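Take a look at the structure below.
The values are calculated or read from the model by the stated rules, or taken from the named source; none is laboratory data. This is a predicted model, so every value here is computed, not measured. FYI the Cβ positions are ideal-geometry reconstructions off the backbone, even for glycines, and counts take in every protein chain you see. Accessible surface is based on the protein model in full, side chains and every heavy atom, while ligands, DNA and RNA are left aside. Shrake-Rupley method; radii C 1.70, N 1.55, O 1.52, S 1.80 Å.
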Amino acid sequence: NTVAEDWTFTVDTAGPEFANPSPADGGYTSDTSPTITIEVGDALSGLAGDASDITAFTVGGTDHLAGISTSYTGNVLTVTYNDPGVYASGTVVPVSITAEDNLGNSATYTWSFTVDTAGPTFSDASPADTGFTNDPTPLISVKVQDALSGLLGDETDITAFTVEGTDHLNDIST
């Protein structure tokens, strides 16, 4: 007697995938003690769905694995770390996470963000501050810059513009 049996299986050698890091990779935050989050998923063998999926978590090169919390919804593990550090403006904060799927396949994701608490700076005002002009309708201009996170380069960068107590925000152009 001969019996044949067919079955299928999937070879999974890929580690988990990472998405939606916050603060964003290469992005900025004004929060000097930011909440750091990232989503972890694995489309093949899956995840256990808890903190045991995460094997390493560092912020600024320091191990913070014991400080993470997790939630699992729809096959996505969200990892959260409430950073108690207080970062100075301009600090680049590197973050690294390593996760394992149900088969032990490992993957690491690294990103960084910058803390920016400094507002824009103003220069080259015309007419000059405390200066004089004989033009009854002078062109008023000022240079606006932001050294860290930058500006959009349009009218939305300016949130208020008053001349002698009168709002002229809708009259500006860039």
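Structural remarks
- Within the range 16-35, the set of residues being open to solvent by less than 90 Å² (accessible area, probe 1.4 Å), within 19 Å of Thr78 (Cβ to Cβ) and in contact with an Asp or Glu (Cβ under 6 Å, 6 or more places away or on another chain) comprises Pro16, Ala19, Pro34.
- Residue that is open to solvent by less than 60 Å² (accessible area, probe 1.4 Å), within 30 Å of Thr37 (Cα to Cα) and modelled with pLDDT of 90 or more, where the choices are Tyr87, Tyr72: Tyr87
- From the options Asp12, Asp63, residue that is free of Cβ contacts under 8 Å to residues at least 24 places away in the same chain and of a type outside the set (A, V, I, L, M, F, W, C): Asp63
- Remark: Asp12 falls outside the filter, which requires a residue to be over 30 Å from Leu148 (Cβ atoms), exposed (fewer than 15 other Cβ atoms within 10 Å of the Cβ) and out of contact with any His (no Cβ under 8 Å at 6 or more places or on another chain).
- Every residue from the range 123-174 that is of a type in the set (S, T, N, Q), surrounded by 11 or more Cβ atoms within 10 Å (Cβ to Cβ) and in a loop (DSSP other than H, G, I, E, B): Thr133, Ser149, Thr174
- Residue satisfying all of: in the range 75-84; crowded, with 17+ Cβ neighbours inside 10 Å and closer than 28 Å to Gly150 by Cα; modelled with the lowest pLDDT among these: Asp83
- Counted residues, the range 83-118 - those being more than 21 Å from Ile68 (Cα to Cα) and either hydrophobic (A, V, I, L, M, F, W, C) or not in a loop (DSSP other than H, G, I, E, B) (or both): 3
- If you go through the range 97-122 and pick out every residue that is within 25 Å of the chain's Cα centre (by Cα) and either open to solvent by 30 Å² or more (accessible area, probe 1.4 Å) or of a type in the set (A, V, I, L, M, F, W, C) (or both), you end up with 17.
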